[in-house]
Every structure is written in structure tokens, then in C-alpha cells.
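Structure first, then comments.
The values are calculated or read from the model by the stated rules, or taken from the named source; none is laboratory data. Only a predicted model underlies this, so the values are computations on that prediction, with no experimental measurement involved. Quick reminder, even Gly has a Cβ in these numbers, built from the backbone with ideal geometry, and neighbours come from all protein chains shown.
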Amino acid sequence: MINIFCYVRYSTAHISLDKQFIFCALIFLLLCGLLFIQNLIWEEDYFARNKKLIDWRASAIKKNRGDLSKIYPNK
């Protein structure tokens, strides 16, 4: 009977984060942060420009108690 043995060489392999991965992750997080802040600015600008429209919609919804068919005029 023939026994076949497979030997696996011992190695000191370990998982490590290289500099390029950390650099790319840092750039990705900075871009996400910038897009998040830009989105906040756009939303604030939208609410500032359309304050009357937003207040009108909110009062119309309160007045009609959820009946949204009468909020917008018929064209």
C-alpha cells in the first residue's frame, strides 16, 4: 500500500493593510464626507428658497387632514 503525504510549508503569512489600501480608503471617506456636507448645503438652500411653498403645503395638509387631492389646483 502506498501512502501519499502532502506537506504544506510553514509560512508566516499574515493579513496586513498596505499603504495604498489605507490611502484609497482615506480618499473614499473624504469624498463621502464632502458629498454628505454638500447634500446638507443643497437641502438647506432648497428650504431657504422654497420656505413659502413648504409652509403652504404643510398648512394645506393640516387643513385637509390628509386629503391631498384638493391641495394642488386643477389645470
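Quick one: Gln20 ticks every box in (1) at pLDDT 75 or above; (2) surrounded by 10 or more Cβ atoms within 10 Å (Cβ to Cβ) except a single one, so which number is it?
Tallying (1) at pLDDT 75 or above; (2) surrounded by 10 or more Cβ atoms within 10 Å (Cβ to Cβ), Gln20 fails exactly one: (2).
Just checking, how many residues over the range 48-75 are modelled with pLDDT of 80 or more and of a type in the set (Phe, Trp, Tyr)?
So the answer is 1.
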